[in-house]
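Beneath this line is the structure, given in structure tokens, with notes to follow.
Throughout, read-outs are computed from the coordinates displayed, never taken from laboratory work. Remember, it's a predicted structure, so these values are computed and weren't measured experimentally. Every residue, glycine as well, gets a Cβ built from its backbone with ideal geometry; the counts of neighbours run over all protein chains shown.
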Amino acid sequence: MAPDGLDPLDVEISVVNHQGRELLRACLSTLPAAIGGLRWHATVVDNASGDGSLEMLQQEFPWAKVLLNRVRHGFGFNHNQVIRPVVANGSARYVLVLNNDTELYPGSIQELVAFADSDPDIGATGPPLVNTDGSPQVSFCPFPRLVSHLRSEFLRRNPRGMGGAKEGWLSGACLLVRTTALRDVGAFDTRFFLFFEDVDLALRLRSAGWASRLSTTTPVVHHYHATVARPELRLPMERQMLRSRYLYLRKHHGLLTAWAAAIITDVALALRSAKTLMHSAQQGQNFTGPAPSFLLRLAWMNPRQRLLHEKLSVGTSHASGRRSLLRSKAARTCQSAAALSRTLRDLRGRGRVGTILHGLVAERLYHEAATWKVPMRRGHQMESPWSTVQSWTAAFTGRYDDAEIDLLLRFADRGTLLLDVGASVGFWAVPLALAAHRRQSRLVAIEPLAANRPLLRANVERNGLATVVDICPVALGSTQGQAIAVVERGGVGNASLNTPIPQDGDAVAAIWTETVQITTLDALVMPPSTAGLRCSIIKLDVEGLEMAVLEGGASFLAHHHPVILGEFSPEWFAMRGIPLDAPQRWAQRTGYLCHEVVRKRSGRFSDQLTVPLEVRLIGEPRGDGPLLLTPPGMAIPDSQGTMGLRRSFHFRQ
């Protein structure tokens, strides 16, 4: 796969898996050879499988980014979690929607991309599909209409064709879509839980002037309906097909056409049921057709009503237009509330309001408003994802760890290097970069997550700081290698490395995992622009791996003697089995002095903080505040900026 860089990848591959470990293994095994020389990346959405698929992915396909859903979601919802970030960031020229029940021939995807490149009017293309036995499978079909539906129900004529129609839709089993086309028409409509979402997308592409073309390239094997062929799924899937057809016709041809098609289907099913009943009476035990009761249950369903599996898929937008409008209004209401909250300077509890609202509505509003755009109290602008609680706190207060940032910046010397380890989307990196710009210094932001780096880079550029910031796409630890990062919902925000995937918590939360590269601080290749600069300060936010970073940077720290501010969370230390006094022991070995940052409010009704420093020695109890590690002989500035060594020191925001 291609390394992260400024140029977009050729293709981002999205694969959804539900209870299909062996199918998924066969599919992914054929991917590298099918890609050829393209620059690519693959994401697997594991749709609440519970069959060992996740463990198989981590062991056999570490190059695949993994999203784990706790509950089962629909086809469009799952793929949209991959499509939307690609469209927003422009990180790939094409998105390949791929079923896990497909197998690819060598070079097939490379040929498909070349076919799409040959005609700039192509918005979507797909290869010819073949069955498991090599026989041809329907791959390109004309758009469904009421007349064709009537023919198929009563004359039992299949209206589909193999590319004969000039306009139609391509199967979503293997569908290559141009990113610029998706930017024009949007991603899949998640009101379609399954079936017809590919038909709807093709029709929207046609309306926007994009063509859907069946390629003449190497075919792809599609084990047709292998993922939904289990007997217990037959009735729900047939009902889903009828409901999705109703939704499609209602959306594009009106309510009258949709109901007419539903009535036609009911009449046809009733007639088939009567015919089946007669055949079963004649043939007795030798009858192998569908049971009459099965057909009548299909005819009895109301296509307007959501099915049970749709109701259980909480995050999927099955709302009507009115509900979607209400959801958008709720998003705007939250934005207005946040703007009002920021005008209430220093009022205590504003951040708590943001935290509560995040828990109540962020899951439902995530797809309607993906990011906050927040003017911060320091004067800079930040864009951050709705999916993280930190974003909501910042949106309602206009602050993010301002007191700690001010504290650390007191040690940032002019003309030096500032290091932000675990930069995420830039809540620390941007204010540190502002200070670096004023002091003729440089900032190196270390961020391993591919989804975070475009937002981090955008926030840096938005504030005119691109000339003083370098971004390193790695994680820091005690050794070099790879690690699995468990990421917040949506794959953006905070992440922890090599931690067990939590089994409790929000039942509708989605967990992302990503394989990241790890290096040590000593082995980190610094950008050429930082040559000759001494590192004066380091900020650490690595979810319990602070000691690993310090151990892997012994030579760097001994050479530069920077001041270090890190979370050193007792909760993370306990989870990882690290002694709570490990930072004090490290400080004693290296001659550093360990201070705890004790957060205190400046008033009863104020959310403004003071951050007193209290020295912590080995064996002394500590709270849950961050730790400041100062090198030997460091003079500590007090709140007025004068220098001195004291037992405790007070800094006011």
Mean Cβ neighbour count within 10 Å, used as a protection proxy, ranking 414-420, 524-530 highest first: 414-420, 524-530
³J(HN,Hα), Karplus 6.51/-1.76/1.60, whole Hz, each residue of region 77-85, x for Gly, Pro: 4, 5, 5, 5, 5, 9, 5, 4, x
Theoretical FRET efficiency, 1/(1+(r/R0)^6), r = Cβ-Cβ of residue 337 and residue 410, R0 30 Å, to 0.05: 0.30
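By how many nm would the segment from residue 117 to residue 558 lengthen if fully extended, with 0.36 nm per residue of separation less the alpha-carbon distance? Before the final figure, lay out the partial values.
On the way: separation 441, 0.36 × 441 = 158.76 nm, distance 5.32 nm.
Taking 0.36 nm per residue and subtracting the Cα distance, the gain is 153.4 nm.
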Residues residue 135 and residue 574, FRET efficiency given R0 of 60 Å [Cβ-Cβ distance, rounded to 0.05]: 0.55
Two-site label geometry, residue 29 and residue 207: point separation in nm, points 7 Å out along Cα→Cβ: 4.3
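Taking the Cβ-Cβ separation of residue 467 and residue 241 as r and a Förster radius of 60 Å, what is the calculated FRET efficiency to the nearest 0.05?
On the way: r = 56 Å, r/R0 = 0.94.
Computed FRET efficiency for residue 467 and residue 241 comes out at 0.60.
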Rough spin-label spacing in nm, given labels placed 7 Å along Cα→Cβ, for residue 599 and residue 255: 5.2
In Hz, Karplus ³J(HN,Hα) per residue of region 405-410 (6.51, -1.76, 1.60; θ = phi - 60°; x = Gly, Pro): 5, 4, 4, 5, 5, 5
By average C-beta atoms within 10 angstrom, highest first, the peptides 92-103, 569-580: 92-103, 569-580
Residue 10 long-range amide H proximity, modeled H, under 5 Å: 39, 40, 93
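What does the extension gain come out to for residue 534 and residue 479, with contour length at 0.36 nm per residue minus their alpha carbon separation? The partial results should precede the final answer.
On the way: separation 55, 0.36 × 55 = 19.80 nm, distance 2.34 nm.
Contour length minus the Cα-Cα distance gives 17.5 nm.
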Per-peptide average of other Cβ atoms within 10 Å, ordering 81-89, 136-144 highest first: 81-89, 136-144
HN-Hα J in Hz across region 540-548 - Karplus 6.51, -1.76, 1.60, θ = phi - 60°, x for Gly and Pro: 10, 9, 10, 6, x, 9, 4, 5, 5
